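First comes the structure, then the notes that go with it.
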Amino acid sequence: MSDQQDNNSPQDENQLITLRREKLSSIRENADNGIAFPNNFKREHYSAPIHMEYGEYEREWFDENSVRVSIGGRIMLKRVMGKASFITTSDTTGRIQLFIQQARVGEDLYKDFKTWDTGDIVGASGELFKTKTGELSIRVDELRLLTKSLRPLPEKFHGLTDHEQRYRQRYLDLIMNEDSRSVFMMRSMIVSYIRNYFLQRDFLEVETPMLQTIPGGATARPFNTHHNALDIDMYLRIAPELYLKRLVVGGFDRVFEINRNFRNEGLSTRHNPEFTMIEWYQAYATYHDLMDTTEELLKGVARDVLGKTKITYQGDTFDFGKPFARMTVKESILHFNPDLTDDQLNDKENATTIAKALGIPVEDYWGLGKVQIEIFEKTVEHRLMDPTFITAYPAEVSPLARRNDDDSFVTDRFELFIGGREIGNGFSELNDAEDQAERFQKQVAEKDAGDDEAMHYDADYIRALEYGLPPTAGEGIGIDRLVMLFTDMPSIRDVILFPHMRPE
RNA sequence: GGGCCGUUAGCUCAGCCGGUAGAGCAGUUGACUUUUAAUCAAUUGGUCGAGCGUUCGAAUCGCUCACGGCCCA
């Protein structure tokens, strides 16, 4: 427990909490064997399966068939009458209504029950029946208070809508908002689908260091930390890439990792300081194979997890049924900027002029490739709505990717865009140790020139490449953004259980 | 980092050309054995995000700050 914050400070208390505390102390005094928080209740059923199995039967069916169930859940709604009450309880699967009659549970228990509050967790057993209005319910004969809740729940109809509170107190969001629960269930299903996809194709799931001495595999600012016993500075990883490729050098031809990366950058609806990526590496494959894999994988998620081929995201519809478009960086720039010509883009001075006219703050140390990519990001990226692979990224901005055989200015690399957002990034890996060493040196020069996102020189990685990395292709997909897309959530905070916020 | 918006009861929100705080839900008390956002009657509950200023008087106007949301970089 942290002693910096005291959540039970007097300011945080109010009439409602005080009263519930009084109820709890009365429960403590009167509890059987003095146990106010019993844990010997056996829950045997869940709400949703009960509805699925018995929801269709007529009222009369229940007169002739006795079905006993025993459920545990949180009281969400109370409708108390003199000698009989209805409460709606919620468990992990959904809700079910309980009918509690004084004549059945006894006068004393009924009297106690009337003092229970929404938010309390109860265990109940009884027979299924249908009410006059046809709602499948449990006619309770055994009822126990399992956990007294000390804090009042939000309003039963509007629930909890305040974004800040939903993120800071996710537990409360999950109690109140079915939609929020389903987003995170969907997230779990998507991740499972992806994991199974790779496992079924003989990929080995691995875990590589999150604490790294050289933060590599991407261009981003890392979080710094310090290892006391070794007395060395360390970094939280910005990507697992270089470790995964070391494993391919070691002979694991197909590896993948689904895990967290950390980038010390701003927060936004698309950026959380820690986020989840899947990266996979496949020896004897090319970036073309990766595009095929990606397309099959995402179509599979749409089809098998969501059950549809058209995904609606924030009012736009993206078609996962048709083949994903593929075009090069330059083709896409020319397509969305019909007034520009190929020659202009191939000339650094011209390209710089164009970039500056677009308001891009061009730095002196930028090469043509960087200028082209900035133009791409400014004018193309947000317009790529249907799933689109953009290929042929300049080598200058792709320090780990293999050069293209026909045009060494670009690499055998692509990025996947959906809904104007980058979803994935993959390429044929640079397995020429000497070329890689040169590119690292160039990155170090850029770092010296002022680009604090440029890469470090990783000598051990070069040493690994010198032993020989087979021809390999690898890709990363941002899981959070993918889940946003498939759950139609506008902010990355909506798909991360505990998004980062400034402390209260 | 910049712009716009927000912060009032536990929750959802009114009140904002300045006159001293409201509703619904939740809670409490009472009535009620088929309710379902139960109903009916009564009722408790507020450092109006924080601070400074203007004013006889500030939830309301101004400034600063904090936290958040959206958009932009």
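The lysines within cross-link reach of A:Lys299, meaning a Cα-to-Cα straight distance under 21 Å and a gap of 8 or more places when in the same chain, are A:Lys308, A:Lys310, A:Lys322. For the listed residue pairs A:Lys370/A:Lys442; A:Lys42/A:Lys111; A:Lys245/A:Lys378; A:Lys23/A:Lys114; A:Lys330/A:Lys447, the alpha carbons are over 22 angstrom apart in A:Lys42/A:Lys111; A:Lys245/A:Lys378; A:Lys330/A:Lys447. Between A:Met484, A:Val105, A:Tyr167, the Cα set farthest toward the positive side of the dipole of chain A (charges on each charged residue's Cβ, about the Cα centre) is that of A:Val105. Post the alpha-carbon centroid distance, segment A:71-91 to segment A:117-155, in whole angstrom. Rounded to whole Å, the Cα centres lie 4 Å apart. Estimated from the Cβ-Cβ distance and a Förster radius of 25 angstrom, the FRET efficiency linking A:Thr213 and A:Asp364 is about 0.20.
When the Cα gyration tensor is reduced to axis lengths a ≥ b ≥ c, the ratio a/c is 1.5 or higher for segment A:241-329, and with a/b not above b/c it is classed as oblate. When you count the other C-beta atoms within 10 angstrom of each residue and take the mean per peptide, A:493-500, A:482-489 line up highest first as A:482-489, A:493-500.
Computed over protein heavy atoms with a 1.4 Å probe, the accessible surface of chain A works out to 51 Å² per residue.
For segment A:288-371, which whole percent of the accessible surface, found with a 1.4 angstrom probe, sits on carbon and sulfur atoms? In segment A:288-371, the share of accessible area belonging to carbon and sulfur is 47 percent. Can you tell me how segment A:406-478 classifies by the Cα gyration tensor, rounded, prolate or oblate, using a/c under 1.5 as the rounded cut? Cα axes put segment A:406-478 in the oblate bin. Stokes-Einstein diffusion for segment A:287-401 at 25 °C, viscosity 0.890 mPa s, with a Kirkwood radius from C-alpha pairs, works out to 155 µm²/s. Sorting A:458-471, A:393-406 by their mean Cβ neighbour count within 10 Å, with the most densely packed peptide first, gives A:393-406, A:458-471.
Taking the alpha carbon gyration tensor of segment A:362-419, multiplying each eigenvalue by 5 and rooting it gives semi-axes of 20, 16, 7 Å, largest first. Across segment A:185-262, the volume of the C-alpha convex hull divided among the residues equals 117 Å³ per residue.
Rounded to two decimals, the Cα-based Rg/Rh of segment A:80-140, with Kirkwood Rh, is 0.94. When both segment A:184-238 and segment A:330-383 are represented by their alpha-carbon centers, they are found 33 Å apart.
Computed from Cα atoms, the angle from the helix A:178-200 axis to the main principal axis of chain A rounds to 50 degrees. Counting Cα-Cα pairs of chain A in 20 Å increments starting at 0 gives whole-percent bin shares of 18, 42, 27, 13, 1. With one equal scatterer per alpha carbon and no solvent term, the Debye-computed log10 I(q)/I(0) for segment A:150-232 at 0.18, 0.19, 0.26 1/Å reads -0.90, -0.91, -1.18.
Computed per residue of chain A from DSSP H runs no shorter than four, each worth -39500 (n - 2.57), the mean residue ellipticity at 222 nm is -10000 deg cm²/dmol. Just need log10 I(q)/I(0) for segment A:363-457 at q = 0.11, 0.15, 0.16 Å⁻¹, Debye formula, equal scatterers on the alpha-carbon atoms, no solvent, rounded to two decimals. Values returned for q = 0.11, 0.15, 0.16 Å⁻¹ are -0.34, -0.63, -0.71. For a paramagnetic label modelled on A:Asn346 (point 7 Å from Cα along Cα→Cβ), amide N atoms under 18 Å away belong, within segment A:357-400, to A:368-373, A:392-396. Electrostatic tally near A:Lys83: other residues with Cβ closer than 12 Å to its Cβ, Lys and Arg +1, Asp and Glu -1, net +2. Cross-link partners of A:Lys130 among aspartates and glutamates, defined as those whose alpha carbon lies under 17 angstrom from its own and excluding same-chain residues fewer than eight positions apart: A:Glu53, A:Glu56, A:Glu58, A:Glu60, A:Asp63, A:Glu64, A:Asp141.
The values are calculated or read from the model by the stated rules, or taken from the named source; none is laboratory data. Just so it is clear, the model here is predicted, and its values are computed rather than measured. Note that each Cβ is placed from the backbone with ideal geometry, even for glycine, and that neighbours are counted across all protein chains shown. Just the protein is used for accessible areas: all its heavy atoms, side chains included, with ligands, DNA and RNA removed. Shrake-Rupley method; radii C 1.70, N 1.55, O 1.52, S 1.80 Å.
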